[in-house]
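The values are calculated or read from the model by the stated rules, or taken from the named source; none is laboratory data. Please read these numbers as outputs of a predicted model, since none were measured by experiment. Note that each Cβ is placed from the backbone with ideal geometry, even for glycine, and that neighbours are counted across all protein chains shown.
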Amino acid sequence: MWNLHLQRQLPKQVLVLAFGFTLADIRGETITWSEHVAPILYQNCIACHREEGAAPFSLLSYDDSKDRAEKIVAAVENRAMPPWLPAPFHGPSIIGEHRLSDEEIGVISQWAEQGTKRGSSRRAPKAPDYSDTWTQGEPDLVLQLQESYSLPEDGNDVYRNFVIPVPITEPKYVQFVEFLPGAQSSIRQAMIQVDESDGSRRRDATDAEPGFPGGGIAKTLNSSGQFIGWSPGRNLYEAHEGTAWLLQPNTDLVVQLRMQATESPEVINPRIGLYFSETPPIKPTDYFLLRSTGIDIPAGESNHLVEQSLSVPVAVSVLGISPRVHTLAKNVEIVAELPNGQQQWLLRIPEWDPQWQRDYRFEEPMVISAGSKMLIRYTFDNSAANSRNPNNPPRRVILDETSSEEMAEVFIELLLHNAADRAAIQNAQLNYEIGQAGGGAEYFYQVGMEREQLGHIQDAVTAYERTVQEDPKHAKAHNKLGGIYEGQGNKTQAEYYYREAIDADDSFHVARLNLGRFLRRANRQQTAAKVLQDTLDIDPTYLSARVELSGLLVEQKLVKSAIKLLEEGLKLDPSEPYLNLQVGKLYVMDQKPEASMRYFEIAAQGTEENLKFEIPLNSVLIEAFLIPARMFDAGGNPEQMHFFLNQIFEIDPANVEARLMLVNKLLESRQEIEARKHLELLLKLPTDEQPAPPQLIAILTFPQGVRLLADVYKRTQRAEIGKGILTQALEVAKQRRHQIWITQLQNDLARYR
């Protein structure tokens, strides 16, 4: 049995000898697949080029190799295969270095030139066994995704993070991590981190599908500072000697996968094996994370240089490096600039290829002296000549914290020489991040936003308060504090911080809007109206303030004034869909439905480009169709009602209110079979998308719609729900003393017995 772990540990010369020859022996001989080529392919290519491998075809057999001989020669001669990005002699030796020697390339070329002879099958080596088994024996703990992920067919690469609770009750030390991808043809890379907070769980809970999106290196990392990665052909991660890392109970493994869509949908559910050590770590580790944001690459620029640096306060040893860089990168350089000015290479990748990005761990730790600088240089090619440029013609590319595309970041794994050095390393990282953010105030503001997004509100308050200590004129932080305190019911602090935000920046309209909304909710309409009107006096184009003030006018029964206010806004932006929708609703309220239709028509033609409000466009379009549908229903015009409902179904086939409006109308005209079809459609949706029974009951007509609903539940194997609905309906009928309904419902209930 071929042992993959042994294969990784033995020098290449030993492995060649194990197959029965040395490269020096074959000069001048007839080259055959069995004796000479198969050993090279098995050693360097079969991890991917096999059935269920990451490559598109197998090279396990002679026929596989013979049929592709010309392609193999071309790929190895230009060193495209095997894919190994680091340049030689530009850094320490890397574990698992994966490049062919000149002699090996010569053997493959000679084989093709000599006619791709097979040789004796008895002299061919046994093919490596890549069965889906653990190379270190059965792990101490095997983890899988809580729910399989269905990777859609075709499309771009998918970055997704999956949260796996770790079921341990006492601390464990992890020495090995093995990743078995299962769907290896689709999974291109994995990154495994540990989240000791509940932040990743919270993010996962907000996404309807398993996991949550994102492709960068998270700031919530394994507290040991180790980077655990996987790429095709490499399953096992081993902690550096003496650095087994601590895994605590009640923590989560966060597995980030980069997946490449295939021609058909694929179910993703890898396995992660953890191997524990009885020995606690005796060597401390930590990390540096350098991340470039705010990168602005002009269209057509072929050599856009971005540089980063971080000061090293104490002597450390570098264990490994993991770069993550945008598709447009073409050159990545990482060096240490020593105190004497000399530069010491850590890694150079002259031809970056995001398809083969991975982490690189050194065979021996590389010592970096105190006072050195870590220097990172990226060169980007945004020209049409770049074959990997996804934009043709090229467009300007901006990479920042809001970008959905990969940024430029490098994770540097450190072995500390002294446990007491950890504070200095972490302080250096903090100073770097503060410099990246543009100062302490902006850094703490970003921390506050991250903590607030994760639901850690008190941590967010602490960060925002630190922000305004650093910069008392930081209007956004004051505004954030106002929003948090309002949410907590602390009205005094909420108003104070909203007003502080306005004092800090008189043109910061969001704070004025928030103050106006706060005062309106506090029933201080007159003061709220003044704040909102002051905002419009400063900036008449601020449409959100117009909508808020119009709502306040409606509450004061000044509907015509509200209409005038919004129509003045439409003069500034006639095609804005949400504003048109609001004007249409006001005309309905003013009992002028004919006048409202023009505005609903404009709203229904809205696009993302002309939507100025932070509201989903589809919700605007649906309401622009739903209100006219209600109007025509009330006006006894079913044909027009059906027209508008069908418009809604094109946007959202499962729209509950529209479907139930149609069900009621069908029941009214005694079309029970058609009505049943629409109810069944709603109840065939995935469970988490189905409307709850109380929601359905509230809209359906009584008792016809309710009886039909109960029967549909019964026919879909949910009789208990149907029985409960009928029982409630019977109580209502008894309260109303409607004997016919009582009899009908009692008869329906009798069928459940």
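Every residue, every condition in (1) in a helix (DSSP H, G or I); (2) surrounded by 14 or more Cβ atoms within 10 Å (Cβ to Cβ); (3) under 34 Å from the mean Cα position of the chain (by Cα), yes or no:
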{"position": "E608", "(1), (2), (3)": "no, no, yes"}
{"position": "L611", "(1), (2), (3)": "no, yes, yes"}
{"position": "G636", "(1), (2), (3)": "no, no, no"}
{"position": "Q647", "(1), (2), (3)": "yes, yes, yes"}
{"position": "P653", "(1), (2), (3)": "no, no, yes"}
{"position": "E657", "(1), (2), (3)": "yes, yes, yes"}
{"position": "A675", "(1), (2), (3)": "yes, yes, no"}
{"position": "L685", "(1), (2), (3)": "no, no, yes"}
**Message:** I need a count of the residues in the stretch 331-355 that are of a type in the set (A, V, I, L, M, F, W, C), within 24 Å of G215 (Cα to Cα), out of contact with any Gly (no Cβ under 7 Å at 6 or more places or on another chain) and part of a strand (DSSP E or B).
**Reply:** 3
**Message:** Among the residues of the stretch 420-441, are any assigned to a helix (DSSP H, G or I), in contact with a His (Cβ under 8 Å, 6 or more places away or on another chain) and without any contact (Cβ under 8 Å) to a residue 60 or more places away in the chain?
**Reply:** yes
**Asked** Between a first residue in the stretch 668-685 that is basic (K, R) and a second residue that is assigned to a loop (DSSP other than H, G, I, E, B) and at pLDDT below 80, which pairs have beta carbons less than 8 Å apart while being 6 or more apart in sequence or on different chains?
**Response** K684/T716
**Fill in**
Scanning the stretch 57-78 residue by residue, those out of contact with any helix residue (DSSP H, G or I) (no Cβ under 6 Å at 6 or more places or on another chain), free of Cβ contacts under 8 Å to residues at least 24 places away in the same chain and in a loop (DSSP other than H, G, I, E, B) turn out to be F57, S61, R68, N78
**Request:** Find all pairs meeting these conditions: Cβ atoms under 6 angstrom apart; at least six residues apart or on different chains; first residue within the stretch 303-323 and surrounded by fewer than 18 Cβ atoms within 10 Å (Cβ to Cβ); second residue among the β-branched types (V, I, T) and part of a strand (DSSP E or B).
**Result:** N303/T379; L305/T379
**Request:** Mind listing whichever residues of the stretch 83-129 are within 20 Å of S61 (Cβ to Cβ), part of a loop (DSSP other than H, G, I, E, B) and in contact (Cβ under 8 Å) with a residue 40 or more places away in the chain?
**Result:** Q114, T116, R118, G119, S120, A124, P125, K126, A127, P128, D129
**Asked** Which one of Q690, Q695, Q746, Q704 is out of contact with any strand residue (DSSP E or B) (no Cβ under 7 Å at 6 or more places or on another chain), free of Cβ contacts under 8 Å to residues at least 12 places away in the same chain and either closer than 23 Å to A634 by Cα or surrounded by fewer than 16 Cβ atoms within 10 Å (Cβ to Cβ) (or both)?
**Response** Q690
**Request:** Inspect the stretch 133-148 for any residue being buried (at least 18 other Cβ atoms within 10 Å of the Cβ) and of a type in the set (S, T, Y) and give the result as yes or no.
**Result:** no
**Message:** Please pick out the residue among E608, E657 that is out of contact with any Cys (no Cβ under 9 Å at 6 or more places or on another chain), acidic (D, E) and over 20 Å from I699 (Cβ atoms).
**Reply:** E608
**Request:** Could you run through the stretch 130-146 and say how many residues are part of a loop (DSSP other than H, G, I, E, B) and at pLDDT 90 or above?
**Result:** 6
**Complete:** Scanning the stretch 701-730 for residues that are within 26 Å of A208 (Cβ to Cβ) and either of a type outside the set (K, R) or not assigned by TED's automatic domain parsing to the domain that holds K665 (or both) gives L709, V712, Y713, T716, Q717, I721
**Prompt:** In the stretch 405-438, which residue that is among the small types (G, A, S) and in contact with a strand residue (DSSP E or B) (Cβ under 8 Å, 6 or more places away or on another chain) is modelled with the highest pLDDT?
**Reply:** A428
**Prompt:** Within the bounds of the stretch 154-170, is there any residue that is within 30 Å of M449 (Cα to Cα), free of Cβ contacts under 8 Å to residues at least 12 places away in the same chain and of a type in the set (S, T, Y)?
**Reply:** no
**Asked** How about the stretch 463-507: which of its residues are part of a loop (DSSP other than H, G, I, E, B) and not basic (K, R)?
**Response** D471, P472, H474, Q488, G489, N490, D505, D506, S507
